[in-house]
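Every read-out reported here was derived from the displayed coordinates using simple, explicitly stated rules and does not represent laboratory data. Small disclaimer: the values here were computed from a predicted structure and weren't measured. We place every Cβ from the backbone using ideal geometry, glycine too, and count neighbours over all the protein chains shown.
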Amino acid sequence: MKTIKFLTISALTIASVFLSEAFGEKLSESIPILNDYPSCDYEVIKEISLNDVISQYASSTELKELNLNVADQDDDNSELLLLKQTALADAKALGASHIVLISNKKSSSATNAANHRILGAALLGNCKNNTLTKIDVERSPLLGTTKVSLSYEFSSVTKGREMTFDFAFNREKKIKKPDLENQVVSFENGVFGLKVNDDLAVLLKKLGTPTAELILNKSDTLYAYGRNLWFVMRDNKVLSIQSDNSWLTNGLTNYFEFDERPFLSWKINGQIGIGDDMETIKKRLDGSLIEKYTYRIRAESDLFIDIRLTLQIVDNDMHYVVKNFAYGHIDKNIVIDSELMKSKPSLFERVYSDLTTASKILAPITMDQVPFEPILASRGYEDKTLHVYDKNLAMVYSDSVLSKILIGDTIFKDVPYNDNWVFGPLHSGLSEEGVKQLFDEENIFALGDYWEIYVDNLKYDLYFAKNGEGVTVLRELEVEMF
């Protein structure tokens, strides 16, 4: 920050300020007068001392003779008025964008103004572009919240700001959803204006708070915006972006909140979108098929844009059309942490115990009563919140109160089934006869492979499927609280 050691004020400048006031001419009020320095990289054009202003004013015979319209002000207010008017005149002449009042305190906020004494004013130039130097991400256990701390390097100091986004529905908190910058997917533009190596701060600024977050491993995190836009961030920088979900089962993402922004209106290079056929692709894009359902465009680096195709049949006419896209370092290996793949029997035991105890006394279970950290958190549809605790167990909350438990073989796509979950007397692989032995038949409503069972204020939804031996066994379970 620039420091000015010798401060002088021209009596002629001061005279011109008040002469203009005397004839009814008002100085422009477009230059803001602030109590604190702005949080940006700025240049100090000039500093003005209040003592110098008063001294110059007192020694000016011309100014004494002017009607300054400050007779009704007390001494402090008249001195401050004199300082402000002098600063406004100099700021206008020197092209300053802001005026900051310099106080004897570190902060001159209005709440503590009575305890402050104004010592002078600083004239500042326009804020310069700041450089993001550090991102810290702190994830809170139990509640599924993420705090992002952003540090910016200025020429004089490093300052920061924090934002906390949680994935719980909050009636008091409206989730900001900025408009899309554009709808183009290209190497020059990235996806909707977001490019490989853009940091997390840019993502949050351009798209707002994500719908869901899944920590894939120590360096990679998956962010979803609605159900049709997915980001992989490596060390808090964009690694890849795609329109389809390659990680989570559709049964799970059906609980995600919708994002109404036009994420499906993308155009590759501004020309190719959903439903275009291979003939159109070959005419407009320079790429090649790398496998049956993938057309790839290559950049000079290891960046790719993949167009993912699907077979469309209309009136016995079969042809491939565009369905999805992927952009970025698509071939980089992303490994889901093995810890996420492990089932946690103690978690199931605790949840079942708490559920049955609460059910007997008709008591609710709140989100903060669940003593486990979610591996995935998401805002859900219809004002709900989804937390996933391991690859077999998820919970849905309504206004932070548990409303449904989801149990299945796995939440991940392309992961082998794990037939070892146990929830009280129920477990994966249990036969239909085994279920009948556990519950009174009058409480069982069977409809093919789907059964409903009512116990106290709980409804159990059981989903059966045939195993490798052709026997119908229990595969998935949902428990709903009333």
Entries of Lys195/Lys323; Lys292/Lys332; Lys177/Lys205; Lys282/Lys323 with Cα pairs more than 18 Å apart: Lys195/Lys323; Lys292/Lys332
Relative packing of peptides 377-387, 469-479 - highest average C-beta neighbours within 10 Å first: 377-387, 469-479
Charge sum, other residues only, whose C-beta stays under 10 Å from Asp198's C-beta, Lys/Arg counted +1 and Asp/Glu -1: +3
Cα-centre dipole for the range 338-481 with unit charges at Cβ (Lys and Arg positive, Asp and Glu negative), debye to 20: 380 debye
FRET efficiency estimate (nearest 0.05) - Cβ-Cβ, Lys413 to Glu469, R0 22 angstrom: 0.30
J(HN,Hα) series, the range 267-283, from Karplus relation 6.51 cos²θ - 1.76 cosθ + 1.60, nearest Hz, glycine and proline x: 9, 5, 6, x, 10, 10, x, 4, x, 5, 9, 5, 4, 5, 4, 5, 6
Peptide ranges 247-255, 391-399 listed from the most packed, as the mean C-beta count within 10 angstrom indicates: 391-399, 247-255
Residue-span extension gain [Leu34 to Ala93] - 0.36 nm each, minus C-alpha spacing: 19.4 nm
Spacing of the two label points (7 Å from each Cα toward its C-beta) at Ser219 and Ser338, in nm: 1.8 nm
Sequence-separation-based contact order of the range 167-328, relative, with Cα cut under 8 Å and 6+ spacing, percent: 19 percent
